[in-house]
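The values are calculated or read from the model by the stated rules, or taken from the named source; none is laboratory data. Quantities reported herein were computed from a predicted structural model and do not represent experimental measurements. Positions of Cβ are generated from backbone atoms using ideal geometry, with glycine treated the same way; all protein chains shown enter the neighbour counts.
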Amino acid sequence: MHMVITEHIQSAKQGFLRFLASPPGKLALEIGGWAGAGFFLSAASLGRTFQPIAMSFVCAGPPGWGVLAAALGAAVGYPLFWGSPGVLGSVWSLCALGVALGLGNRAIVLRQKALIPALGALIVSAAGLWFLLRFDGDASIGIHLLRIGVGSGCAALFCRHRQTREGWTGWTVNALGVLALAQVWPGRYLGLGFAAAGYLAGGSPFPGVILAGLALDLSQVTRVKMTAVLCAGYGLARIPRMGRLMPLFSAAMAYVPTALLSGVWDVRPLPGLILGGALAALAPGGERKEKSTGEVALAQVRLEQMAQALRRMAVSLASSAGPEPDAGAILDKCRAAACDTCPERRQCRGRSEVLEPGLLEQPGLGEQDLPDRCRKPHRFLGELRRGQEQLRRSRAELRRTGQSREAVREQYDFLALLLEGLSDDLAQRHDRPPARFTPEVGVAGRSLDKVNGDCCIRFAGPGNRYYVLLCDGMGTGEAAARESLTAAELLKTMLSAGLPPEYALRSLNSLSILRDLGGCVTVDLLELALDTGRGRLYKWGAAQSWLFQGTICKKIGTAGPPPGLSQSCRETVDRLSLGRGETLILVSDGVSEEWLVNSARTTPTLPPVELAAAILDREISGGDDATAVVVRLSPTPAS
């Protein structure tokens, strides 16, 4: 019988664990966590009055089931913890739910960082005034002003923590949790706030410990100075060679002498401090976080040092330009070659005449430009023309060397900027907003040759970025296809590694210059942000593109030289948005503009693949390859 019961328990346990590991189980845990956070934050108080911290948490949350659960938890928690006055907190929470569902993932929240805090202050002030006038509330004006400030400040804190996950925001959020849990007492000698503070004292960075102690002092649940207790416990827990169980007793050991010195003896915090220390000893996540933070800081230092080294190399290259060819020395060499072996050199008086320094730079050099007394002008003229050619070659070589040096210097600058960006990203590890759009791309191509010289690829980049790349190889056939494919794969590699599009395109330009392949390919590069629907269209020598919204069309881009002709040339950039159903059409040479516009206007609802094929449903003009790319964004089911 006992074995049967044990088997049933094990089977139920395994089934429960499988449920938690499944998507519905993870969703249930997430919703439960949000509901618990809203419920317990509603217990937070300052000055022995409840505060809108739970409202701020809901207001700054992303739209979804989680924020709905947090709002319901807060709406239940305020009346449960504070009685009938807590109904005001329930009103706060429901109003904050409307803000979260309406503005949670909109781009305006990222641009206007004060919007959510301002709305939080508006909710608290308006609801408080309404309750004061309608129900004759007993809260003073000072309490109302305090709640407005707390609501606005906590909303700003939660928004910042959600977007950046910086260290100080995490410590402050933990302190708010301690402040809320300080009011929750499941038993007479077990305060959840003290348990949370004991956990932080054994496994959190020192600033987090100080903030947790200040939160307990502000909650006024005990007269013992808990900031001093937790700081002393933090130090005891980190005494070397004291064993792994020191966090279990560190906060409690620090509490006893601190309470005696303050003249206040209150044993109620001790069980919670011991419980929190035990949890820190069993799962010291804070210590691992400190170690991880140290490793991140070391990686940042190394990345910045590498960036500085690359910048110094770039400066060194910029200051090491080669000397200009010496036209005077070449002129003297030409004169010596012509006169030293001349059979008339003894009777020639022209050797003593001074030649003009700019003689080699004079176009159309003839006998009239030679000294009047030269007895062999044809001989001298031939040497001078050879000197002119030498001077031209030297200057052309100097220009090529300068372009190569500038290309390498530019690559050092790009790499330095990329390393600095990686260093900043390590310090600002933040959750990416979810993608609100799904890209739909249709491609159609036609060629009179066996191989289309155009190449189109699309791929997902880092974060929520998505790229569509169209490269048009100059000419037709396999040679054009090879150049376009090489350029497309090179750009894809750089963009997938996180290099900004402008740096990737300029790197391609530099490489084309170094390989003497200027003008071999043109580039259309579309970068889309799938969380906002906005994008940028980079063009370098490519044909104009078209943006359609219904039957309204707009040309995008201007004509320019292809990459690889000059180091001073740059790409063109146009900002656009595809978040409202717009259609972007990229084309290569050989596509009829009139037919393109007619096709897009008469069949605007066709799927991208069919619309791209309809655009090319006509003879290719000029015998060139033709490719049409149609790009749209469709909202995801979640958005």
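Of the residues 35, 69, 75, only one is at pLDDT 90 or above, closer than 25 Å to residue 134 by Cβ and hydrophobic (A, V, I, L, M, F, W, C); which?
75
Report yes if residue 604 is part of a loop (DSSP other than H, G, I, E, B) and either at pLDDT 90 or above or under 22 Å from residue 485 (Cβ atoms) (or both), otherwise no.
no
Of the residues that sit in the range 603-618 and are free of Cβ contacts under 8 Å to residues at least 40 places away in the same chain and of a type in the set (A, V, I, L, M), which one is surrounded by the fewest Cβ atoms within 10 Å (Cβ to Cβ)?
Residue satisfying both the conditions and the ranking: 606.
Do you know which of the residues in the range 20-48 that are within 15 Å of residue 79 (Cβ to Cβ) and out of contact with any Ser or Thr (no Cβ under 9 Å at 6 or more places or on another chain) is surrounded by the most Cβ atoms within 10 Å (Cβ to Cβ)?
43
Among the residues of the range 431-440, is any touching a helix residue (DSSP H, G or I) at 6+ places or on another chain (Cβ under 8 Å), surrounded by fewer than 14 Cβ atoms within 10 Å (Cβ to Cβ) and modelled with pLDDT under 80?
Within the range 431-440 (the criterion being touching a helix residue (DSSP H, G or I) at 6+ places or on another chain (Cβ under 8 Å), surrounded by fewer than 14 Cβ atoms within 10 Å (Cβ to Cβ) and modelled with pLDDT under 80), the answer is yes, since at least one residue qualifies.
Identify, from the list 192, 181, the residue that is buried (at least 24 other Cβ atoms within 10 Å of the Cβ) and closer than 25 Å to residue 275 by Cα.
After applying the criteria, what remains is 181.
Hey, which of the helices (runs of 4 or more DSSP H) in the range 126-244, taking only ones fully inside, have at least 2 residues that are closer than 24 Å to residue 113 by Cα and free of Cβ contacts under 8 Å to residues at least 60 places away in the same chain?
By residue number, 141-164, 167-181.
Select from the range 249-280 the residues that are of a type in the set (Gly, Ala, Ser) and either touching a Leu at 6+ places or on another chain (Cβ under 7 Å) or surrounded by fewer than 18 Cβ atoms within 10 Å (Cβ to Cβ) (or both) and list them in ascending order.
250, 251, 252, 254, 262, 263, 272, 277, 278 - these are the residues of the range 249-280 that are of a type in the set (Gly, Ala, Ser) and either touching a Leu at 6+ places or on another chain (Cβ under 7 Å) or surrounded by fewer than 18 Cβ atoms within 10 Å (Cβ to Cβ) (or both).
In the set 368, 305, 300, which member is assigned to a helix (DSSP H, G or I), of a type in the set (S, T, N, Q), within 30 Å of residue 423 (Cβ to Cβ) and at pLDDT below 75?
300
Please verify whether the range 145-155 includes one or more residues that are closer than 26 Å to residue 49 by Cβ and touching an Asp or Glu at 6+ places or on another chain (Cβ under 8 Å).
no
If only one of 486, 476, 522 is more than 29 Å from the chain's Cα centre (by Cα), closer than 20 Å to residue 443 by Cβ and hydroxyl-bearing (Ser, Thr, Tyr), which one is it?
It is 476.
Kindly indicate the residue of the range 565-590 that is more than 29 Å from the chain's Cα centre (by Cα) and assigned to a loop (DSSP other than H, G, I, E, B) and also surrounded by the most Cβ atoms within 10 Å (Cβ to Cβ) among those meeting that condition.
588
Picking from 547, 530, which residue would you name as being touching a Lys or Arg at 6+ places or on another chain (Cβ under 6 Å), surrounded by 16 or more Cβ atoms within 10 Å (Cβ to Cβ) and not polar (S, T, N, Q)?
That would be 547, the only listed residue that is touching a Lys or Arg at 6+ places or on another chain (Cβ under 6 Å), surrounded by 16 or more Cβ atoms within 10 Å (Cβ to Cβ) and not polar (S, T, N, Q).
Got at least one residue in the range 510-522 being surrounded by 15 or more Cβ atoms within 10 Å (Cβ to Cβ) and under 18 Å from residue 537 (Cα atoms)?
Checking the range 510-522: at least one residue is surrounded by 15 or more Cβ atoms within 10 Å (Cβ to Cβ) and under 18 Å from residue 537 (Cα atoms).
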